[in-house]
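Sharing a structure with you now.
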Amino acid sequence: MDFVRTHGIPTKFDDAVVVARDGSPRPVDVGRVSYRTWDGAEAERFYGNVGSVGMSAAVARRVNGMSKVAGGRATFYYALVRVFLEWENSVVRVELDEGVRREGRMHDVIVANGRFHGGAMKLAPEAEPDDGLFDVVVIGDISKPDFVTTSPKLYSGRYLRHPKVELLRSRTVAVDADERLPIELDGEQIGTTPARFEVVPAAVRVRVPG
């Protein structure tokens, strides 16, 4: 659902079929990620929408173990609150293109190709899935008061205005930490850091409304 929101593809089945048949083909990027599996082996995966390292990955694991009877948006937000209350921020190292580096206590590192994630949260409101770049959102050492005032703004993208949140752009992103942090790709928790994300330009074609 979050992937199709970025591309303006209808969610009703019949309308989506029309777009699949008559829509305009759009070449879009995908992300390639190298990481560690839970047993410590090296692995690689691809994803189309959003990846993250940190608390978001723990949220994804909780959501996947919950009933969605209340709807995707309510389920994700409930899981977000519950996990936040238990989460301890870690010292994280992030390396991007051209020697750009960030290091410090962080809550999350979001590596986005699409704009929406987690049941319509607008995590990367300016992301373009065909520009050859990730929108990288670094969420710093936020506190419980920060969370209370800012989390509702996740759905509008206005959370990016918070002084502990920074938006960067890069073709590659390396993330590591002193402890192994969970990694999530398109809603699935797959393994842990260290991780390296890389854009694969125009890797697939998606039919979108003309």
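Ala43 fails exactly one of the following numbered conditions: (1) at pLDDT below 85; (2) outside any helix (DSSP H, G or I). What is the number of that condition?
(1)
Please identify the pairs in which a residue from the stretch 18-31 that is among the charged types (D, E, K, R) has its Cβ atom under 8 Å from the Cβ atom of a residue that is modelled with pLDDT under 95 and assigned to a helix (DSSP H, G or I), counting only partners at least 6 apart or on another chain.
Going by the 8 Å Cβ cut-off, the qualifying pairs are Arg26/His7.
Let me ask you something else. Filter the stretch 7-23 down to the residues that are touching a Pro at 6+ places or on another chain (Cβ under 6 Å) and assigned to a helix (DSSP H, G or I), then identify the one that is surrounded by the most Cβ atoms within 10 Å (Cβ to Cβ).
My answer is Val19.
Touching a helix residue (DSSP H, G or I) at 6+ places or on another chain (Cβ under 9 Å), in a strand (DSSP E or B) and surrounded by fewer than 21 Cβ atoms within 10 Å (Cβ to Cβ): which single residue out of Arg82, Arg26 fits that description?
Only one candidate qualifies: Arg26.
Looking at the stretch 120-130, can you tell me whether even one residue there is among the acidic types (Asp, Glu) and closer than 23 Å to Ala177 by Cβ?
No: the stretch 120-130 contains no residue that is among the acidic types (Asp, Glu) and closer than 23 Å to Ala177 by Cβ.
Which fully enclosed strands (runs of 3 or more DSSP E) of the stretch 116-210 have 1 or more residues being touching a Gly at 6+ places or on another chain (Cβ under 8 Å) and more than 19 Å from Asn49 (Cα to Cα)?
Where strands (runs of 3 or more DSSP E) fall fully within the stretch 116-210 and carry at least 1 residues being touching a Gly at 6+ places or on another chain (Cβ under 8 Å) and more than 19 Å from Asn49 (Cα to Cα), they are 165-170.
The values are calculated or read from the model by the stated rules, or taken from the named source; none is laboratory data. Just so it is clear, the model here is predicted, and its values are computed rather than measured. Positions of Cβ are generated from backbone atoms using ideal geometry, with glycine treated the same way; all protein chains shown enter the neighbour counts.
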